[in-house]
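In what follows, a single structure is set out as structure tokens and then discussed.
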Amino acid sequence: MRTYNRFDLAVGNTVMRVAGPLHAWVYDRSRGRIGKTLLGAPVGNLVNVGAKSGRVRHTPLLMLSDEDNIVIVASKGGWPEHPGWYHNLKANPDCEVVMGGQTRSMTARLADDAERDRLWPMLDDMYRYYRAYRRRAALADRVIPVFVLEPRAA
């Protein structure tokens, strides 16, 4: 396994810039009926505020239910840097999750080491590529962050 080269990153960025918003748009318009899974793993839309722009962002992500919480992974496919939404959630942890036509108000926080150790086996079972993403990220000295989204009090 190798780290991504410049070409990989350029192509990947282009694909993500086009596919992510398109997927989010289709998912929202179909009320979660289209695009609700990726290779069998559940997908939802993270709705949050951009750290720099202040704009509302819709990002389709794999989502693991853990009791009342939702778990999301800032893997970016094992790239050397975190995805943009990671920085948005760090700056503005209040967010919404849209899954299956239902919208939930949530607050995001990074999982601590013990939680990450408990959650990774469940995440790996949900999406088999997470193991490879962690190995690839480790080659770039990056630890993939895991967020726990907790229900926000009304």
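What are the ³J(HN,Hα) values, in whole Hz, obtained from phi via the Karplus relation 6.51 cos²θ - 1.76 cosθ + 1.60 with θ = phi - 60°, for each residue of the range 133-141 in sequence order, with x given for Gly and Pro?
4, 5, 5, 5, 5, 4, 4, 9, 6
Which of HIS58, HIS87 has the fewest other C-beta atoms within 10 Å, and how do the rest follow up to the most?
On the way: HIS58 18, HIS87 15.
The most exposed by this proxy come first: HIS87, HIS58.
Once the piece of chain linking ARG55 and ALA153 is laid out straight, how much longer is it, given 0.36 nm per residue of separation minus the C-alpha distance between them? All intermediate terms of the calculation are to be shown ahead of the outcome.
On the way: separation 98, 0.36 × 98 = 35.28 nm, distance 2.31 nm.
Taking 0.36 nm per residue and subtracting the Cα distance, the gain is 33.0 nm.
With labels modelled as points extended 7 Å from the Cα through the Cβ direction, what inter-label distance (nm, one decimal) is found for ASP124 paired with THR103?
That separation, rounded to one decimal, is 3.7 nm.
Return the long-range amide H neighbours of GLY32 (sequence gap of 5 or more, or a different chain), with a cut-off of under 5 Å between placed amide H atoms.
For GLY32, whose amide H was placed from the backbone, the distant partners under 5 Å are GLY101.
Can you list residues from other chains, or at least 5 along the same chain, whose modelled amide H is less than 5 Å from the amide H of MET106?
CYS95, GLU96, VAL97, ARG152
Under the Karplus relation 6.51 cos²θ - 1.76 cosθ + 1.60, θ = phi - 60°, what is the ordered set of whole-Hz ³J(HN,Hα) values for the range 37-49, x standing for Gly and Pro?
9, 9, 6, x, 8, x, 10, x, 9, 8, 10, 8, 9
Please compute the modelled spin-label separation between ASP141 and HIS87, points set 7 Å along Cα→Cβ, answer in nm with one decimal.
Label-label distance for HIS87 and ASP141, simple model: 2.0 nm.
Once you list every other residue whose beta carbon is under 12 Å from the beta carbon of ALA137, what net charge do they have if Lys and Arg are +1 and Asp and Glu are -1?
Values: positive: LYS76, ARG131, ARG134, ARG135, ARG136, ARG142; negative: GLU81, ASP141.
Its environment carries a net charge of +4.
Between ASP113 and ARG6, what FRET efficiency follows from the Cβ-Cβ distance if R0 is 25 Å, with the result rounded to 0.05? All intermediate terms of the calculation are to be shown ahead of the outcome.
On the way: r = 33 Å, r/R0 = 1.32.
Result of the calculation: an efficiency of 0.15.
Can you tell me, using C-alpha contacts under 8 Å and at least 6 residues apart, the relative contact order of the range 40-154 as a whole percent? Before the final figure, lay out the partial values.
Values: 202 pairs, mean separation 37.4, N = 115.
Reported relative contact order: 33 percent.
Every read-out reported here was derived from the displayed coordinates using simple, explicitly stated rules and does not represent laboratory data. Note that the coordinates shown come from a computational prediction; the quantities given were computed from them, not determined experimentally. In this analysis, Cβ positions are derived from the backbone assuming ideal geometry, glycine residues included, and neighbour counts consider all displayed protein chains.
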